[in-house]
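Undergrad: First the structure, which I've put down as structure tokens, then a few questions once you've had a look.
Taken together, the values in this text are just the output of simple stated rules run on the coordinates, not laboratory data. Bear in mind that the values here come from a model prediction, so they are computed numbers and not experimental data. Neighbour counts are summed over all protein chains in view; Cβ atoms, including those assigned to glycine, are modelled from backbone coordinates with ideal geometry.
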Amino acid sequence: MKTLISGGLVVDPSQNLEAVRDVWISDGKIEAIRPAARGPFSSRAVPGDIAEPGAARPARQGSKPASQPENGLRVIDAKGQWVIPGLIDMHVHLREPGCETEESIATGTRAAALGGVTTVLAMPNTDPVVDSPALVKLLRSRATTDALVNVVIAGAVTRGQKGAELAEMGRMSQAGAVAFTDDGRPIMNAQVMRRALEYLKGLDRPLLDHCEDENLSAGGVLNEGAACAAKGLPGIPKASETLMAMRDVALAEWTGGRLHLCHISCAETVGLVRRAKRRGAAVTAEAAPHHFTLTDSDVEGYDADFKMNPPLRAIEDVEAIQEGLRDGTIDAVATDHAPHAAARKALPMAQAPFGVIGLETLLPLTLALVERGLLTKKSLVRAVSTRPALILGLKQKGGLRPGMDADVTVVDSQAAALPAQCWASKSRNSPFKGKNLKGRATAVLVGGRLVVQGGNLAGSPPDR
């Protein structure tokens, strides 16, 4: 079946495009992008709904869907909306294998689809840790049957993520791992980090770096500062991130390895990355939506849904991250989607686990930066799709050029965001649940397959 996404504002920085266009899809690929046609179906359909030329229009509720036309053309009316390359979240904890009670490939990828995300990078800090080619193959196999969106795999840098002995990164790369990280924990040993960067340089794979000096952060709960002290809780100083980032950037420049800094949270780290890029270092960075939206002063009481690592920082750090996204110092927006069961997050704040979910709020929180004039439409798409694809080496994704995978998200930037009661994640540990957010994916295609229609799931794999 061919698909036409009709009359939307196509935003694709990979081809410097921001204009009203029709997007034609065939056999799971982008076939063509053409000037928007004027026809009977280009302006009458409900945004995000599917229509067929010449077929009767279904009412919004209670009517029979339009019949399949003989010519096999499916039309998605995107008038008044954006049509962008599918979002790529390069930092997602799917919890499988080992913690499927908190999330699974099936539920996590449903959450991704609802959030407009068509590709997720699964982190390896599972149980067992993904530190062998057998486990990479297992997860890739499960993804083919259970995932609603594309799942690519990150392997561990060290065995068991213990930071001592390098894992089988070469064999994991051959098995399909696209990146390597010990995320959830830093690599404290500088010699191990050096050897990992040298090894991965030969594989042309990025090392995704959790920058934290555990000696400085040990026992901390919130950002070290007045807000933390007022609650009587131990703090996590900014230096625990920035000093480790400084070390690892120096090692990357020494070895020539590709270093990607995960979830940077403070102004000093943004400045460090900016200076490294000016020197020509192979260093990239990401920021999470909660770090450019909330400050440590926004933490509500002792609610552990506001507890994440790195923690929410001060207003000057939020502003620095926003500026880093604006000027391109920070390459990507990634959620660090980290689901936890409600009972665990209900523990006293000091004992509750770090982490918040984010797949279903990624789009509205990032769109808010465009609404405020901090990002352009193109720079937003660059951060949530184009640059993540380049960093991870996903050559068929991150753009809408003819021949690329038909991973497409249609966005209504003015619609109310998906309410928390409609989220698909198994967990609800988010500081944004119950908040009035704006922006929603109304249609999502993955390899030309429609997975979200009218802002709701159009199809899903069986529960696990």
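Undergrad: I want to check the label-to-label distance for Lys29 and Asn189. Put each point 7 Å from Cα in the C-beta direction and report it in nm to one decimal.
TA: 4.7 nm
Undergrad: Select from Asn429, Val270, Ala112 the residue farthest towards the positive end of the dipole of the chain; place +1 on Cβ of Lys and Arg, -1 on Cβ of Asp and Glu, and compute about the Cα centre.
TA: With unit charges placed on the Cβ atoms, the residue in question is Ala112.
Undergrad: What is the stretch 318-433 by shape, rounded, prolate or oblate, if you read a ≥ b ≥ c off the alpha carbon gyration tensor as root eigenvalues and call it rounded for a/c under 1.5, prolate for a/b larger than b/c, and oblate otherwise?
TA: On the way: a/c = 1.79, a/b = 1.62, b/c = 1.11.
Note, shape of the stretch 318-433 comes out prolate.
Undergrad: Something else about it: For the residues Thr145, Thr3, what sequence is obtained by ranking on other C-beta atoms within 10 Å, fewest first?
TA: Thr145, Thr3
Undergrad: For labels at Leu138 and Phe354 in the simple 7 Å Cα→Cβ model, what's the distance in nm?
TA: 2.6 nm
Undergrad: Just to be sure I understand, if you calculate percent of Cα pairs over 42 Å apart for this structure, which of (1) 18; (2) 13; (3) 23 do you get?
TA: (2)
Undergrad: Also, I was wondering about something else. Based on DSSP, what percent of beta bridges with both residues in the stretch 86-392 are antiparallel, to the nearest 5?
TA: Beta bridges within the stretch 86-392, antiparallel portion: roughly 5 percent.
Undergrad: What number, in percent, do you get for the relative contact order of the chain if the mean sequence gap of Cα pairs under 8 Å and at least 6 apart is divided by its residue count?
TA: Here the relative contact order equals 19 percent.
Undergrad: If the reach is capped at under 20 angstrom between alpha carbons, list the aspartates and glutamates near Lys438, excluding any in the same chain fewer than eight residues apart.
TA: Correct list for Lys438: Asp49, Asp89, Asp298, Glu360, Glu371, Asp412.
Undergrad: Right, another one. In nm, to one decimal, how far is the modelled label at Arg159 from the one at Ala341, with both set 7 Å along Cα→Cβ?
TA: 3.1 nm
Undergrad: Another question, then. Going by amide H atoms built from the backbone, whose H comes under 5 Å of the H on Ala443, apart from near neighbours?
TA: Excluding prolines and chain starts, which carry no amide H, the hits are Val410, Gly455.
Undergrad: To the nearest 20 debye, what charge dipole does the chain have about its Cα centre, counting +1 at the Cβ of each Lys and Arg and -1 at the Cβ of each Asp and Glu? Before the final figure, lay out each step's value.
TA: Values: 54 positive and 51 negative charges, 237 e Å.
That gives the chain a dipole magnitude of about 1140 debye.
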